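Read the structure below first, then the notes.
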Amino acid sequence: MKDNKKKQPETLNEEVKAEEGLEEESAKVSVEDLGIDRDEMSDEDYIAALETKLGEAIHEAGECKLVAQRLQADFDNYRKRNATIYEDSKALGQSIVIEKLLTVLDNCDLARKYLTDEAALTGFNMMETQILNALSGFGLQEVEAEGKDFDAKTMNAVERERSEEHAGKVIAVLQKGYTLNGKLLRPANVKVGYFE
């Protein structure tokens, strides 16, 4: 055991000396790589040459830093752009699918009028409610129109009916309108009251 303890410090000293030797050698290599021949120069010329090389290296390092910063900014912009494209594509895909399902919901409204069996009507209403709840999870909301003032931004007036008390108001919704995440997906087709 004593022999092992004595060998460890000697081994450590040898490793340290070997590393110091490598550092000195790499320092010599780097000075030689500068293209400066120390033997042919005075001390002042040698220092001036080293300062020139140092200035060039600092300038080059600054340029490399600027390039790295530009590349980092470009990469950040690329990531943000891809995230935006992903979200836009996702929203577009959802809106296309949901828009196709609106026809199914319209047909549900039409079919309800012809159901006479109470149990079938209850089951039908539950199924429609489940579909609407699932779609509302994606941000679908019905445009509220019945009895409201006509709003050209969210409604299409497809019929008019003379009515003094309902002038400018929606009398009936002929086809429901929907928004998806706050954006109009389909305007409501409505009958509007008017009075002249």
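Quick one: length gained pulling ASP149 to HIS59 fully straight, 0.36 nm per residue minus the C-alpha distance? If you can, show how the numbers build up before the last one.
Values: separation 90, 0.36 × 90 = 32.40 nm, distance 6.91 nm.
Roughly 25.5 nm would be gained on extension.
Do me a favour and compute the ellipsoid semi-axes for the stretch 61-128 from its Cα gyration tensor, root of five times each eigenvalue, largest one first, whole Å.
For the stretch 61-128, the ellipsoid semi-axes come out as 57, 10, 4 Å.
Find the centroid of the Cα atoms in the stretch 176-190 and in the stretch 96-153, then give the distance between the two in whole Å.
12
Among 55-64, 90-99, how do they line up by average Cβ neighbours within 10 Å per residue, starting with the highest?
Output ranking for 55-64, 90-99: 90-99, 55-64.
For the stretch 159-167, take each phi angle, set θ = phi - 60°, evaluate the Karplus expression 6.51 cos²θ - 1.76 cosθ + 1.60, and give the result in whole Hz per residue in order, putting x for glycine and proline.
My calculation for the stretch 159-167 gives 9, 10, 9, 5, 7, 5, 7, 10, 4 Hz in order.
If you take the Cα Rg of the stretch 140-196 and divide it by 2.2 N^0.38 Å, with N the number of residues, what do you get?
Dividing the Cα Rg of the stretch 140-196 by 2.2 N^0.38 Å gives 1.10.
A short reminder: the numbers here are calculations on the coordinates, not readings from a lab. These figures come from a predicted structure and were not determined experimentally. Don't worry about glycine lacking a Cβ; one is built from the backbone with ideal geometry, like all the others, and counts go over all protein chains shown.
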